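The values are calculated or read from the model by the stated rules, or taken from the named source; none is laboratory data. On a predicted model such as this, the values are computed, not experimentally measured, just so you know. Cβ coordinates were reconstructed from backbone atoms using ideal geometry, including for glycine residues, and neighbour counts include every protein chain displayed. Areas reflect the complete protein model, heavy atoms only, side chains present, ligands, DNA and RNA absent. Shrake-Rupley method; radii C 1.70, N 1.55, O 1.52, S 1.80 Å.
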Amino acid sequence: MSIALPAAVAGFYDHCTARNFAGVAACFSQDAHVYDEKQNIDGHAAIEKWITHAIGSTGAVHAVTSAAVLPDHSAADTSPATITNGQLRVTADVSGNFKGSPVSLTYLFTLQAGKITALEIG
């Protein structure tokens, strides 16, 4: 299944697959925040270090299964593919070299001006 996503979110997954960790960080705003595995990660350098370890050490591969704009989205356009401001919930099956693989994870992206400003993974 192919699900259309906003450019920054599609880039996040595409760069993860390509193991382009600087590319992943570039999808985020300079002051972005990530929350993953009970850790807070802030800013480009920390995000690149986090994703390099998280993906690089596990060989994780994502298969996006769903995407939905959260209902409180204030813009008129609620298409997941075109959202530039607001929140998007993405579910992906993640497989790799880690205990419990594969798992289904939820990614809550907050976007502002087309960049990821926050990401919570659960």
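Below, the figures for the structure above:
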quantity	calculated
First in the range 1-21 and closer than 20 Å to Gly59 by Cβ and touching a residue at least 40 places away in the same chain (Cβ under 8 Å), second anywhere and in a loop (DSSP other than H, G, I, E, B) and open to solvent by less than 60 Å² (accessible area, probe 1.4 Å), Cβ under 8 Å, 6 or more apart	Phe12/Cys27; Tyr13/Leu5; Cys16/Ala60
Matching residues in the range 19-55 - criterion: being crowded, with 20+ Cβ neighbours inside 10 Å, part of a helix (DSSP H, G or I) and not aromatic (Phe, Trp, Tyr)	Val24, Ala25, Ile47, Ile51, Ala54, Ile55
Flag for Thr58 being β-branched (Val, Ile, Thr), part of a loop (DSSP other than H, G, I, E, B) and surrounded by 14 or more Cβ atoms within 10 Å (Cβ to Cβ)	yes
Candidate set: the range 76-98, residues that are open to solvent by less than 50 Å² (accessible area, probe 1.4 Å) and within 18 Å of Lys115 (Cα to Cα); chosen: the one modelled with the highest pLDDT	Val90
Lone unmet requirement of (1) surrounded by 13 or more Cβ atoms within 10 Å (Cβ to Cβ); (2) part of a strand (DSSP E or B); (3) at pLDDT 95 or above for Ser104	(1)
